[in-house]
Structure formats: structure tokens, C-alpha cells
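Just below is one structure, and these are the notes that go with it.
The values are calculated or read from the model by the stated rules, or taken from the named source; none is laboratory data. None of the values given here were measured: they were computed from a predicted structure. Cβ: placed from backbone, ideal geometry, glycine included. Neighbour counts: every protein chain shown. Side chains are part of the model used for accessible areas, which takes the heavy atoms of the whole protein and leaves out ligands, DNA and RNA. Shrake-Rupley method; radii C 1.70, N 1.55, O 1.52, S 1.80 Å.
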Amino acid sequence: MRVLDYLASHPDDGFTVSELARRLSLNKATCHAIVTTLAERRYLTKETSSGRYALGPALIPLGLVAERRFQPLDLAKDELNALADDLGVAVMTSIRDGGEILHLTYYGPMTIFGAMARPGQRLPLVPPLGTTFFAWAPDDVVKQWLAGVDADSESVEVYLESLAETRAAGYVASRDIPSWRSVLTTVETNDLDSANTRRAIETQIGGTGLGSYLLTPDGEADVASPRSNAIFIAAPVFDPAGDVRLAVTVHLPDSSSVTIDEAVDRLLNLTSHMTVAIGGHIPLRQDRLRVE
């Protein structure tokens, strides 16, 4: 599975057995046996001249079946595509998978942040990243997410207030800040399965600082005014249990003429429709959690 995950996060590249073994910290003989078996079943293809492996055609029907079974995407893929086309922006979907964000789909023009949101790409869920998934989560889950917050630089209470603001607004808006460029560089130039790389990314994300990252609903005097930097806007899709099943994110580059208001209205209409379509509902959450 690690071989498939790694190749899925590098869809435009091929890798030799030696490269895969080194990047995944696998024994070369073990890695060779894995890729040989996958290639025999056409889950991987091998380029004869270079010996490099990439994802193969046998994965296509599996992906189509998985997409059909994952209701939110199957029901709304045309609307997701239309949102990207109408606004001329990138639209991404992702889920929370344990302690990581797993990106599922990408629609619209490729942006410089595309490397961080390619289908199959994973990023660690380190605050402030993941606000969309945790704003409506139970207290114990929120506490676990916030366990690594450095109280000297960002108090837990500030994070809790931001989660309450997110719930009230129904969406998260965040800035494109220099820290994200550092994360982007790390993602593009390193093996994300490396423990050292993961620690570096966690440090970069954790050092972002909530105040410089999030835009609260009243964080700008006029959300319809021209922006000085790019904006990410994310909203949740809820399942029948009231849990966040999926997050939909819109990336507004600084060159876009689309206002935050326009993007928020379209995004919330879409995620509300997706929630209703799968029989989901927004949970009622009491703001009980406080710093002890």
C-alpha cells in the first residue's frame, strides 16, 4: 500500500525499484517483490527503457468503484467541476484520515499549491491545519488535535475561539502566507514518507501562527475589496451522524476577480447540497471546552 500511496502522490513521475526502496525505507528485495507483483496485475506499469514504475490501468476501475461508493463525490462531481469552471479557480476535496489530511480530487486550473493538494497527497493534521475537520468535533477529539499547541506562542483558548467562529460562519478562510511557501517547497523536494520530512512539515505548519493564518468572518474590513494575497476558503460536508465527512476547499489566487463573498456563497450552497444529498446534518455543539 505504501508503494501505491507514494506513486499516487507523484502521478507525473516514475521511479525505479532502487528509488522506491530508498524513499520508502524498504529493503530492496522486498520492494522488488512488491512492485513485480503489482506490475503483473497491471496495478503498475514499467517503462522498459528506464525501468521506472508508475500507476497502471488496473487501478482505474477500482477508483471508479470507490468514487461511486463515496457518496459526496459521486453525487456532486459535476457541481464541483462547475464551481471550478464558473469561478475560474481551483477546487479541492479532502478527508481526515487518522492524523492526516488525505486529498481526494482536484478541479480547475493548477496553481502553485497544486503539489500540496494532488489526489493522494497527505499532510499532517497539525494546528492550525485541519480547522474545518475539528470545528464541529467532540471535545476529546479537539483536545487531542490541540495537544501539541505551544501555549507560549498561541494559547489554546485562542484556538477554541477560532473554532467557535468557524462553526458560526460555517466555513474557514485562511491566507496564503510565507510559511505555506516553505511547506510547499518541502513537499515538492522531499520524500513525505521520511520521518525527518514529516517532522519538518509539522514544524513548519505548527509555526504558522493562528493569527497570521486564519481570516475570521470579520477579519477584513471589506471582504468584497481587492485582496493583497491569495485566500483559501473551506467548508465541511456532514454525514448522517453529524460528523465532517469531507472538506471542500476553494483557492482564490491574488489575481482572481472573484470576491470572498462570491466564493463563500457558492461554496456553502454546494456543501449544503452535498450534506442534504447524503442525508447528513450539521451537529449541535455546545461550547464547553475550555483550557484547564
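Taking amide H as placed 1.01 Å from N in the peptide plane, the amide H of Arg245 sits under 5 Å from that of Val237, Phe238, Asp239, each at least 5 places away or on another chain.
Per atom type, segment 1-136 shows carbon and sulfur on 53% of its accessible surface, probed at 1.4 Å. With a Förster radius of 30 Å applied to the beta-carbon distance between Ile282 and Asp74, the computed FRET efficiency rounds to 0.90. Note that segment 127-139 has calculated 3J(HN,Hα) couplings of x, x, 5, x, 3, 4, 7, 10, 4, 9, 7, x, 4 Hz, one per residue in order, obtained from phi through the Karplus relation 6.51 cos²θ - 1.76 cosθ + 1.60 (θ = phi - 60°); glycine and proline are x.
Ordering of 48-59, 233-244 by packing is 233-244, 48-59, highest average first (other Cβ atoms within 10 Å, averaged per residue).
Listed peptides 88-97, 248-257, 75-84 appear in the order 88-97, 248-257, 75-84 once ranked by packing, highest mean of other Cβ atoms within 10 Å at the front. For segment 97-168, the solvent-accessible area of protein heavy atoms averages 40 Å² per residue (probe radius 1.4 Å; ligands and nucleic acids excluded).
Sorting the segments 33-41, 155-163 by their residues' average number of neighbouring beta-carbon atoms within 10 angstrom, most packed first, yields 155-163, 33-41.
Computed from backbone phi with θ = phi - 60° and the Karplus coefficients 6.51, -1.76 and 1.60, the 3J(HN,Hα) list for segment 167-174 is 4, 5, 7, x, 7, 10, 10, 9 Hz; x is used for glycine and proline. Can you compute the modelled spin-label distance between Leu62 and Asp140, with each label point 7 Å from Cα toward Cβ, in nm? The modelled label-to-label distance comes out at 3.4 nm. Multiplying the residue separation of Thr48 and Leu268 by 0.36 nm and subtracting their alpha-carbon distance yields 74.4 nm. Note on Ala169 and His32: the model spin-label points, each 7 Å out from Cα along the C-beta direction, lie 5.5 nm apart. Residue-wise HN-Hα couplings along segment 254-260, as the Karplus relation 6.51 cos²θ - 1.76 cosθ + 1.60 with θ = phi - 60° gives them from phi, are 5, 7, 6, 8, 6, 7, 4 Hz; Gly and Pro carry x. Scanning residues 5 or more positions from Glu100 or on other chains, those with amide H under 5 Å from its amide H are Leu125, with H placed 1.01 Å from N in the peptide plane. For Lys46, a cut-off of 28 angstrom between C-alpha atoms picks up these lysines, skipping any fewer than 8 places away in its own chain: Lys28.
Under 5 Å between amide hydrogens, built in the peptide plane, is the criterion, and for Gly56 it picks out Leu44, Thr45 among residues at least 5 positions away or on other chains. Per residue, segment 1-66 exposes 60 Å² of solvent-accessible protein surface, assessed with a 1.4 angstrom probe and all protein chains in place.
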